[in-house]
Amino acid sequence: MFMKKLLFVVAVLSLLLACNKGSQSGISAPSNGENAVVNNIMTRTSIRAYTGQAVSADTIETLLRAGMAAPTAVNKQPWHFVVVTDREKLKGIAVANPNAGMAEKAPLAIVVCDDLEKALDGPAREYWIQDCSAATENILLAAHGL
């Protein structure tokens with residue numbers, strides 16, 4: 001595997017064309033734009049069919065900044081984000097992670113990796129999992145919002 005440790009693979013793609021605006025959570029989103037943040041949370045869904053449209057460098061940077069804005073224990077920020085656009089590496093991600101088969105057809109993936117050298121010591125060491133999860137959720141919500 002070409003990475004030290006794989007936590008999550010987030011396939012980020014042409015969301016303006018592929019995003020499903022319907023809520024599948026069973027919870028109603030606020031109507032009439034009452035709260036854009038809550039609406040974004042309530043209507044975000046996972047996408048597995050992609051248009052093939054490239055994702056701009058500006059959009060990728062915005063998504064990475066959203067990930068870096070996530071809260072972390074003691075502000076350790078124990079993560080690295082790897083943007084993968086190479087078709088062969090995307091196929092490799094799909095092979096290496098049975099839950100990331102969609103990466104093979106995505107225009108890119110943002111891989112959220114832990115950095116245990118930045119993690120806390122002792123029993124709090126495992127907080128990197130929550131930290132990387134929060135970063136991943138920020139990326140997903142930003143992608144949906146875009």
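For the reader, a short list of remarks on this structure follows.
- Table column - 3J(HN,Hα) (Hz), segment 46-60, Karplus curve with 6.51, -1.76, 1.60, x for Gly and Pro: 7, 10, 10, 10, 10, 7, x, 5, 5, 9, 5, 4, 5, 5, 4
- For the listed peptides 67-76, 136-145, a ranking on the average number of other beta carbons within 10 Å per residue, highest first, reads 136-145, 67-76.
- Two-site FRET efficiency, A36 against K118, from Cβ-Cβ distance with R₀ of 35 Å, rounded to 0.05: 0.60
- The residues of segment 105-146 expose on average 44 square angstrom of accessible surface per residue, using a 1.4 Å probe on protein heavy atoms.
- Taking all Cα-Cα distances within segment 94-134, those exceeding 16 Å account for 50%.
- Extending 7 Å from Cα along the Cβ direction at S46 and again at T62 yields two label points whose distance is 2.5 nm.
The values are calculated or read from the model by the stated rules, or taken from the named source; none is laboratory data. Small disclaimer: the values here were computed from a predicted structure and weren't measured. We place every Cβ from the backbone using ideal geometry, glycine too, and count neighbours over all the protein chains shown. Heavy atoms of the whole protein, side chains included, go into the accessibility calculation; ligands, DNA and RNA do not. Shrake-Rupley method; radii C 1.70, N 1.55, O 1.52, S 1.80 Å.
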